[in-house]
Amino acid sequence: MLILLAFIIVFHITSAALLFISTIDNAWWVGDNFSTDVWSMCATNTSTCVAITDQFREYQSVQAVQATMILSTIFCCVGFLVFILQLFRLKQGERFVLTSIIQLLSCLCVMIAASIYTDRHEELHQSHQYSTEVSEGQYGYSFVLAWIAFAFTLISGVMYLVLRKRK
């Protein structure tokens with residue numbers, strides 16, 4: 001049981017780390033001489049970054065992605081704290097339902113963020129406010145990590161739902 005508990009803790013911490021990296025790092029959309037995320041666009045050849053502000057055409061979509069990624073990261077961290085508290089407070093045989101619900105909310109938020117970005121990426125990268133042409137690029141590793149974090153948070157949410165506290 002101790003090995004299973006250690007695995008669950010490591011899995012949850014990995015999920016949180018993936019969420020932090022995908023939210024913060026500047027690699028949702030990359031090209032030969034630029035990288036962009038939901039916060040800014042950086043030109044790699046000139047080392048200049050342009051913040052994504054309300055002057056961009058699809059700023060509302062970017063704000064939705066920003067908000068849901070931040071929420072998913074917060075839910076994942078709160079879920080871990082609730083799990084630790086429930087670990088010591090629950091009676092034997094009870095389930096970690098609250099932790100599961102919080103983790104599934106985190107899963108839902110990261111899915112919403114990645115889905116919005118997937119749907120709106122063409123419009124997001126056709127803005128003339130960028131200092132370089134960013135329409136010719138591909139999804140970066142932060143975008144991929146967001147989808148992997150979705151899978152990890154979904155799996156851990158289901159694990160918490162099934163998990164019972166045993167001796």
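The values are calculated or read from the model by the stated rules, or taken from the named source; none is laboratory data. No experiment lies behind these values; they were computed from the predicted model shown. Glycine also receives a Cβ, built like all others from the backbone with ideal geometry; neighbour counts cover every protein chain displayed. Keep in mind that these areas ignore ligands, DNA and RNA; they rest on the heavy atoms of the full protein, side chains included. Shrake-Rupley method; radii C 1.70, N 1.55, O 1.52, S 1.80 Å.
With respect to the conditions (1) touching a strand residue (DSSP E or B) at 6+ places or on another chain (Cβ under 6 Å); (2) open to solvent by 30 Å² or more (accessible area, probe 1.4 Å), ALA43 lacks only one, and its number is (2). Which condition breaks for VAL10 when tested against (1) open to solvent by less than 20 Å² (accessible area, probe 1.4 Å); (2) more than 12 Å from the chain's Cα centre (by Cα); (3) under 30 Å from VAL158 (Cβ atoms); (4) modelled with pLDDT of 85 or more? Looking at each condition in turn, VAL10 falls short on (1). Considering segment 111-127, the residues that are hydrophobic (A, V, I, L, M, F, W, C) and within 21 Å of LEU18 (Cα to Cα) include one that is surrounded by the most Cβ atoms within 10 Å (Cβ to Cβ), namely ALA113. Only a single item in (1) under 17 Å from GLY157 (Cβ atoms); (2) β-branched (Val, Ile, Thr); (3) at pLDDT below 95 is not met by THR73, and it is number (3). For LEU81, the conditions (1) of a type outside the set (S, T, N, Q); (2) open to solvent by less than 30 Å² (accessible area, probe 1.4 Å); (3) out of contact with any strand residue (DSSP E or B) (no Cβ under 9 Å at 6 or more places or on another chain) all hold with the exception of (2). With ASP25, ASP54 as the choices, which residue is in contact with an Asp or Glu (Cβ under 8 Å, 6 or more places away or on another chain), at pLDDT below 95 and either open to solvent by 80 Å² or more (accessible area, probe 1.4 Å) or not basic (Lys, Arg) (or both)? ASP25 is the lone residue from the list that is in contact with an Asp or Glu (Cβ under 8 Å, 6 or more places away or on another chain), at pLDDT below 95 and either open to solvent by 80 Å² or more (accessible area, probe 1.4 Å) or not basic (Lys, Arg) (or both).
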